[in-house]
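Enquirer: Once you've had a glance at the structure underneath, I'll fire off some questions.
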């Protein structure tokens, strides 16, 4: 939830023997009970790392202020980038290392590398709707479909943003992007290579906030990695999207299908948090430009996704 940086008042290269250090503590805004009137959102840094703009394309204006975006640091250190920027697009001189091939495995890793894994493409087993145990119940009236697969050919993993309090407190950020992947499509690497996915490979540690929810994080660097919902769909794992490394960029659009029409639980938990409101407005604008709303509505009607996601 916190990060500390020591900074010399006279500059990092100063030879002034009287120079003193100040402690700058970075606090994740999601850990705060309230951010409205407390936190001022001004800028987004290191957009170049995303290659495709990442979620920054959906957050351009926070209520009451516009947010500037910078390739690396602030204005004196790098160039400002526009909405819709891509590392291989016409709006920048930066070049992409993207090779253009369709990779068959997607790499994921925490900051320290203690949790390292590969995701494979969806297969016939991935499309088995019965992986969602709720769909076996007689009272389940929605279409029996593998809602975790999306796209016209059902060859991409469904991804969405969630702003519920559980995700916020577990991660420290105002909203979390989750990608839903069947456990057999997740293959541990490193020291755990060859093992099946479990909540204990590598440096994973777990915290059970209830009988239903098991949060998995790296015990070394603290990165949140997975969420396992026991009793409902233990074999369809929530994977933290930020861990995934695609040559296409942070949104990994060659692998993932973002549901941009809505934010999960926004009506229950998102009110009064400016960053969530900014994301909501940004997604609406994105849909108006890209026509995603009609596409989503058709898919939601077919899969019954809107209801399934909020159960």
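Enquirer: Quick check: is even one residue across region 225-241 part of a helix (DSSP H, G or I) and modelled with pLDDT of 90 or more?
Expert: Yes: region 225-241 contains one or more residues that are part of a helix (DSSP H, G or I) and modelled with pLDDT of 90 or more.
Enquirer: Still on this structure: Just to verify a result, which residue in region 187-215, among those that are free of Cβ contacts under 8 Å to residues at least 60 places away in the same chain and part of a strand (DSSP E or B), is surrounded by the most Cβ atoms within 10 Å (Cβ to Cβ)?
Expert: Among those that are free of Cβ contacts under 8 Å to residues at least 60 places away in the same chain and part of a strand (DSSP E or B), it is 215.
Enquirer: Can you work out which of the residues in region 111-142 that are over 30 Å from residue 205 (Cα atoms) and surrounded by 15 or more Cβ atoms within 10 Å (Cβ to Cβ) is nearest to the chain's Cα centre (by Cα)?
Expert: My answer is 142.
Enquirer: Okay, next question. Scan region 255-290 residue by residue and report those that are exposed (fewer than 13 other Cβ atoms within 10 Å of the Cβ) and modelled with pLDDT under 60.
Expert: Within region 255-290, just 271 meets the criteria.
Enquirer: Of the numbered conditions (1) more than 24 Å from residue 51 (Cα to Cα); (2) more than 15 Å from the chain's Cα centre (by Cα), residue 247 satisfies every one except a single condition; which is it?
Expert: Of the numbered conditions (1) more than 24 Å from residue 51 (Cα to Cα); (2) more than 15 Å from the chain's Cα centre (by Cα), the odd one out for residue 247 is (1).
Residues checked against (1) surrounded by fewer than 19 Cβ atoms within 10 Å (Cβ to Cβ); (2) at pLDDT 85 or above; (3) in the same structural domain as residue 240 (by TED's automatic domain parsing); (4) in contact with a helix residue (DSSP H, G or I) (Cβ under 6 Å, 6 or more places away or on another chain):
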{"site": "49", "(1), (2), (3), (4)": "yes, yes, no, no"}
{"site": "52", "(1), (2), (3), (4)": "no, yes, no, no"}
{"site": "55", "(1), (2), (3), (4)": "no, yes, no, no"}
{"site": "62", "(1), (2), (3), (4)": "no, no, no, yes"}
{"site": "65", "(1), (2), (3), (4)": "yes, no, no, no"}
{"site": "68", "(1), (2), (3), (4)": "yes, no, no, no"}
{"site": "71", "(1), (2), (3), (4)": "yes, no, no, yes"}
{"site": "75", "(1), (2), (3), (4)": "yes, no, no, no"}
{"site": "83", "(1), (2), (3), (4)": "yes, no, no, yes"}
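The values are calculated or read from the model by the stated rules, or taken from the named source; none is laboratory data. Since the structure is predicted, the reported quantities are computational estimates derived from the model, not experimental observations. Every residue, glycine among them, receives a Cβ derived from its backbone with ideal geometry; neighbour counts consider all protein chains shown.
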